[in-house]
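Data first, discussion second: the structure below is written as structure tokens.
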Amino acid sequence: MTAPERAGWEGHFAAGHGFRRTDPEELRLLAEAVHPRPDARALDVGCGLGTYAAALAGLGYRTLAVDWADAAVTATRDRYADVEPRLKARRLDFEDQAEVSAQLPRAAFDLVTMRLVLAFMADKAAVSEQVRGLLAPGGTWLVTTPLTDRLPEERHSIGLTPAEVAAFTGVWSRGRWYDLEPGGLRCFVLSA
Ligand SMILES: C[S@@+](CC[C@H](N)C(=O)[O-])C[C@H]1O[C@@H](n2cnc3c(N)ncnc32)[C@H](O)[C@@H]1O
């Protein structure tokens, strides 16, 4: 992503805007997919206002929420101060490999989530590799995303193409998916 795109996210969150709500059905499907264990560790990448990360903490995960927009990190901390220390938020550009290596422990997370985020990252294969290095043995990567073939052409930039899906899912030995609703967001559940 470019600096102007990043500035766009800053403005969005500074104005207090979020994205699609996280409803109880989404959380029910998530819990069914990942089987949370008490005190397991989760990393939510591109946390936005922190709603999804707070829900992970509510499922019992010790959760680290990261976003490259300062305004998102501040909003997450402010909105969920009562969830500390189970939820922590930190500024991090997940596409900057040096920053990720310096700030995140390897093989440490039982779950890495990206909700409405992967489509905005330039090199999906590199992101996939990076996630593999962060997951503990048996850990899961959960990607929630629009698909371009379900979107009008002018909104394709927020979704993943079939080729992109094939590329980022292909290197995982176990994978399945479910939809949040028919024709809606798809959730990929991947493990090495
Ligand atoms: C569409 S919002 C989704 C926010 C949240 N996950 C949700 O579901 O409401 C995309 C988020 O990804 C973040 N993001 C995009 N590229 C990023 C990167 N390279 N590193 C960290 N965060 C990033 C943006 O700042 C923004 O908060």
### Query
Does L64 satisfy the condition of being touching a Leu at 6+ places or on another chain (Cβ under 8 Å), over 17 Å from L134 (Cα atoms) and not in a loop (DSSP other than H, G, I, E, B)?
no
### Query
Do the conditions hold for H17, that is, is it modelled with pLDDT under 75 and either among the acidic types (D, E) or closer than 18 Å to M121 by Cβ (or both)?
no
### Query
Of all residues in the stretch 70-108, how many are charged (D, E, K, R) and not in a loop (DSSP other than H, G, I, E, B)?
9
## Note on the structure
Checking R77, R41 in turn, the sole residue that is in contact (Cβ under 8 Å) with a residue 60 or more places away in the chain and farther than 19 Å from L116 by Cβ turns out to be R41
### Message
Checking the structure you have, find out if any residue of the stretch 127-145 is farther than 24 Å from G50 by Cβ, free of Cβ contacts under 8 Å to residues at least 60 places away in the same chain and part of a loop (DSSP other than H, G, I, E, B).
### Response
no
### Query
Among the residues of the stretch 146-171 satisfying the criterion of being loosely packed, with under 13 Cβ neighbours inside 10 Å and not in a helix (DSSP H, G or I), which is nearest to the ligand (Cβ to nearest atom)?
P152
### Query
Within the bounds of the stretch 27-39, is there any residue that is modelled with pLDDT under 95, more than 17 Å from the chain's Cα centre (by Cα) and in a helix (DSSP H, G or I)?
no
### Message
Could you go through the stretch 90-99 and let me know if any residue there is under 19 Å from C187 (Cα atoms), out of contact with any strand residue (DSSP E or B) (no Cβ under 6 Å at 6 or more places or on another chain) and at pLDDT 95 or above.
### Response
no
### Extreme residue, surrounded by the most Cβ atoms within 10 Å (Cβ to Cβ), among residues of the stretch 15-26 that are of a type in the set (D, E, K, R) and not in a loop (DSSP other than H, G, I, E, B)
E26
### Query
Scanning for something more than 15 Å from F109 (Cα to Cα), within 10 Å of the ligand (Cβ to nearest atom) and of a type in the set (A, V, I, L, M, F, W, C), does the stretch 59-67 turn up at least one residue?
no
### Message
Scan the stretch 8-24 and tell me whether some residue there is more than 11 Å from the ligand (Cβ to nearest atom), under 18 Å from R115 (Cβ atoms) and polar (S, T, N, Q).
### Response
no
### Message
I'd like the residue in the stretch 94-116 that is touching a residue at least 60 places away in the same chain (Cβ under 8 Å) and out of contact with any Ser or Thr (no Cβ under 8 Å at 6 or more places or on another chain) and, out of all such residues, is nearest to the ligand (Cβ to nearest atom).
### Response
E95
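The values are calculated or read from the model by the stated rules, or taken from the named source; none is laboratory data. Here the structure is a predicted model, which means the values were calculated and not measured. Cβ atoms come from the backbone with ideal geometry, glycine included; neighbour counts cover every protein chain shown.
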